[in-house]
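Taken together, the values in this text are just the output of simple stated rules run on the coordinates, not laboratory data. Predicted model only: the values in this text are computed from it and were never measured. No Cβ is skipped: glycine too gets one built from the backbone with ideal geometry, and neighbour counts run over all protein chains shown.
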Amino acid sequence: MAGGGHGVNFIEIIAGQPFETTITGIVVGAGLVGLGTVARARLSSAGRATDPEVGLGLRNVFELVAEFILMLGDNVMGRENRKYLPFIATIFFYIFAANLIGLVPGFSMPTDSVTFNAGIALVVFVMYNVWGVKEVGLLNYLKHFCGPVIFLAPLMIVIELIGHIARPLSLSLRLFGNLLGDHLVVQVFTDLTKFGIPVIFYFMGTFVCFMQAFVFSLLTMIYIRFAVTHDDSH
């Protein structure tokens with residue numbers, strides 16, 4: 001799809017529009033790997049891991065976000081499910097960076113493509129189902145679809161299947177719609193005012209980028225929690 005509204009799109013010029021979203025997504029992933037490697041190197045060279053970095057450096061930014069995700073994960077999934085947090089943190093960082101790059105002149109956000117978002121949502125869909133089967137066993141996991149009353153099982157199975165299939169679609173469209181609207185607002189006010197006023201909308205756009213990554217990660221936590229629980233309370 002079209003880019004983030006900054007006119008010239010560097011990646012589209014270099015690679016062509018059909019590959020724009022894919023290559024931008026790869027660039028975002030490679031950038032995060034690079035930044036993560038630098039942050040890890042700084043942590044390793046810090047002596048003790050508990051020694052804080054001076055100033056608001058790269059390591060502090062990663063640690064701040066990681067601590068936020070850790071607290072959120074403990075509240076949503078429970079401390080016993082911390083093993084899933086690296087996956088969720090990866091999802092959060094990737095979506096946030098993919099959203100944020102759309103605010104940079106000359107680049108478009110890959111998350112303004114439904115197919116790109118669907119790819120991330122399908123990864124989440126596959127992983128929480130695999131973890132659910134692994135955690136509670138295939139038979140118990142399938143019982144989740146039957147509901148608490150056996151004679152309602154045929155109806156509940158249909159409802160549960162529709163609900164599960166709708167999850168990746170919902171994640172994809174929510175991310176696509178909200179971010180596309182936000183970036184269009186930034187584009188319109190940038191074209192109209194050119195200077196000064198657009199800065200306000202860039203701050204608002206950054207907040208929206210964060211919130212959409214947060215909502216996507218929060219829903220992922222909820223789906224994982226429901227999948228790995230050992231009872232039928234959900």
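Which of the peptides 106-112, 205-211, 150-156, 87-93 is most tightly packed, and how do the rest follow, judged by the mean count of other Cβ atoms within 10 Å per residue?
Values: 106-112: 26.0, 205-211: 17.4, 150-156: 11.7, 87-93: 19.9.
By packing density, highest mean first, the sequence is 106-112, 87-93, 205-211, 150-156.
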For region 83-99 and region 150-177, what is the centre-to-centre distance using only Cα atoms, to the nearest Å? 23
Neighbour-count ranking for 40, 79, 59 (other C-beta within 10 angstrom, fewest to most) reads 79, 40, 59
By the gyration tensor of its Cα atoms, with a ≥ b ≥ c the square roots of the eigenvalues, what is the shape of region 103-166: rounded for a/c under 1.5, prolate for a/b over b/c, or oblate? prolate
